[in-house]
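Each reported figure results from applying straightforward, stated rules to the coordinates on display, with no laboratory input. As the structure is a prediction and not an experimental result, all values here were calculated from the model. Cβ placement follows ideal geometry from the backbone for every residue including glycine, while neighbour counts extend to all protein chains displayed.
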Amino acid sequence: MLHSRYRSKSDLASNTDIPIHIGVVANYIKPVVDDTMTVDWVAGDISGPVVVPPGVALRLTVMKLKEEEAGKSDVLGIVRGIKEKFHSIEQQTVGENSSPGRSKGFSIGSIAVVNGAKELEALDAQSDLENEQTDKAREFIDGVVVLDYAVPASVPASL
């Protein structure tokens, strides 16, 4: 997974032409993937700078709706309310995909940040609460991809 954040859509668009992005894609992504999916969203629910400290864990969730517009606002509302239900989530961004041509139909994305892998496992232990939230959105959703990953405690200098 290549995860990056930008101040604006224009900053994102200009990123594709800079040498470091081209190098990461050429050296680290293309050699190991058969296919790609891109989900970009504007996280309008963030105030202040977004910092993802070393050692945290993140849960990326992308959702494909049964019908493009049916239930979209309901699902966005449910996902935006997740942070209030799961108190171990330190940061959460939620948004509607702005790159539909590259997303294989996935139109909603979210990233939840917790303090580490143990906290991520604790989220899974709250299955009753998770099922309650899932049931609210189930009628609108055709598919979900969830990817959990940990941010290394330190980043190699070669990147």
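Kindly flag which residue pairs out of 85/118; 64/118; 83/136; 66/104; 9/30 have an alpha-carbon separation exceeding 22 Å in this structure.
Flagged as over cut-off: 64/118; 9/30.
Below 15 angstrom from the Cβ of residue 118, what's the summed charge of the other residues (Lys, Arg +1; Asp, Glu -1)?
Computed value for this residue: -4.
Under a point-charge model restricted to the Cβ atoms of Lys and Arg (+1) and Asp and Glu (-1), what is the dipole moment magnitude of the chain relative to its Cα centre, in debye to the nearest 20?
460 debye
Report the gain in length on full extension from residue 66 to residue 98: 0.36 nm times residue separation, minus Cα-Cα distance, nm rounded to one decimal.
That works out to 9.7 nm of additional length.
Can you list the residues of the range 105-130 with backbone N under 18 Å from a point 7 Å past the Cα of residue 151, pointing along Cα to Cβ?
110-121
Can you tally the net charge around residue 136? Count Lys and Arg as +1, Asp and Glu as -1, for every other residue whose Cβ sits under 13 Å from the Cβ of residue 136.
So the surrounding residues net to -2.
Need the C-alpha centroid separation for the range 110-159 versus the range 1-40, integer Å.
When both Cα centres are located, 22 Å separates them.
If you filter the range 21-114 for trypsin sites (Lys or Arg not before Pro), then keep DSSP loop positions with at most 16 other Cβ within 10 Å, what is left?
Answer by residue number: 66, 104.
Residues with beta-carbon under 14 Å from that of residue 107, excluding residue 107: net charge, scoring Lys, Arg +1 and Asp, Glu -1?
Combined, the nearby Lys, Arg, Asp and Glu give -2.
Tell me the chymotrypsin sites (Phe, Trp or Tyr not before Pro) within the range 1-97 that lie in a loop according to DSSP and have at most 16 other beta-carbon atoms within 10 Å.
Counting only loop positions with at most 16 other Cβ atoms within 10 Å, the chymotrypsin sites (Phe, Trp or Tyr not before Pro) in the range 1-97 are 6.
With the Cα gyration tensor of the chain giving a ≥ b ≥ c as the square roots of its eigenvalues, does the rule (a/c under 1.5 for rounded; else a/b larger than b/c for prolate; else oblate) give rounded, prolate or oblate?
Taking the square roots of the gyration eigenvalues as a ≥ b ≥ c, the chain is oblate.
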